[in-house]
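**Q** Here it is, the structure in full.
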Amino acid sequence: MKRRWLMALVAVLVSVVARADREFEAIAAQPWPVASALQLHQQPQQRFAADGVPMLVNVWAIWCIPCREELPALNGLRQRISDDELRMVALNYGDTPANITTFVERLPIDFAVWLDIDTSVSRQLPMRGLPTTFLVDHRGQLRYRLEGVADWDADAMVEHLADLLPQLTSSP
């Protein structure tokens, strides 16, 4: 409970203002954490993997107000970038499957929702608060991080992602 409260406080502090000029920062390449604990919402048989396509992974929680506020803009981004170019993932931090189902009935998410119910995967990620978004290359390596709320609808953000995609699809 104490960790959830702390993450909520950090989410508010990190995400005070959404900015169109916010950019991803390069991080030391590292493999995506072992994701066996993750479940795909309402499709438990799937496995979490890059499978040769870069991924945008947005870590969020129902209790995180900034996270909820940016989801519609992420839905807009989904409409602007092909799933063949960039697979989008909403990685939920610690909510129950029942709560996620209720939430997405009210606020649909137009891309895959993965559940990290026990937060064992999210706690291995280099992040300080929610929301945090990662870019994972086609080989499953964490390469970029963006902490806080971003204006995913902004042309500048779409251009920024387009500039980074070649680095996510080429071999190191």
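**Q** Going by what's in this entry, would Pro131 be described as under 29 Å from Gln167 (Cβ atoms) and out of contact with any Leu (no Cβ under 7 Å at 6 or more places or on another chain)? Reasoning before the result, please.
**A** Values: under 29 Å from Gln167 (Cβ atoms): yes; out of contact with any Leu (no Cβ under 7 Å at 6 or more places or on another chain): yes.
The answer is yes for Pro131.
**Q** What strands (runs of 3 or more DSSP E) lie completely within region 62-147 and have 2 or more residues being at pLDDT 95 or above and more than 21 Å from Ala37 (Cβ to Cβ)? Working first, answer last.
**A** Working: elements: 87-93, 112-116, 132-136, 141-147.
Passing ranges, in order: 141-147.
**Q** How many residues are in contact with a Phe, Trp or Tyr (Cβ under 9 Å, 6 or more places away or on another chain) and loosely packed, with under 15 Cβ neighbours inside 10 Å when one looks only at region 81-91? Break it down stepwise before answering.
**A** Quick first cut of region 81-91, residues in contact with a Phe, Trp or Tyr (Cβ under 9 Å, 6 or more places away or on another chain) only: 83, 87-91.
Still in the running and loosely packed, with under 15 Cβ neighbours inside 10 Å: 83.
Residues meeting the conditions: 1.
**Q** Also, quick follow-up: I'd like to verify a number: residues in region 61-77 that are without any contact (Cβ under 8 Å) to a residue 60 or more places away in the chain and surrounded by fewer than 19 Cβ atoms within 10 Å (Cβ to Cβ), how many? Show your work before the answer.
**A** Restricting attention to region 61-77, the residues satisfying the condition of being without any contact (Cβ under 8 Å) to a residue 60 or more places away in the chain are 62-63, 65, 68, 71-72, 75.
Remaining after also requiring surrounded by fewer than 19 Cβ atoms within 10 Å (Cβ to Cβ): 62-63, 65, 68, 72, 75.
The qualifying residues number 6.
**Q** Among the residues of region 92-115, are any closer than 14 Å to Arg145 by Cβ, out of contact with any Leu (no Cβ under 9 Å at 6 or more places or on another chain), of a type outside the set (Ser, Thr, Tyr) and surrounded by fewer than 21 Cβ atoms within 10 Å (Cβ to Cβ)?
**A** Within region 92-115, not a single residue is closer than 14 Å to Arg145 by Cβ, out of contact with any Leu (no Cβ under 9 Å at 6 or more places or on another chain), of a type outside the set (Ser, Thr, Tyr) and surrounded by fewer than 21 Cβ atoms within 10 Å (Cβ to Cβ).
**Q** Among the listed residues Arg123, Arg145, which satisfies the condition of being surrounded by fewer than 20 Cβ atoms within 10 Å (Cβ to Cβ), under 22 Å from Ala50 (Cα atoms), free of Cβ contacts under 8 Å to residues at least 24 places away in the same chain and out of contact with any Cys (no Cβ under 8 Å at 6 or more places or on another chain)?
**A** On the way: Arg145 fails: free of Cβ contacts under 8 Å to residues at least 24 places away in the same chain.
Checking each option against the conditions leaves just Arg123.
The values are calculated or read from the model by the stated rules, or taken from the named source; none is laboratory data. Just so it is clear, the structure is predicted and the values come from calculations on it, not from any experiment. Cβ: placed from backbone, ideal geometry, glycine included. Neighbour counts: every protein chain shown.
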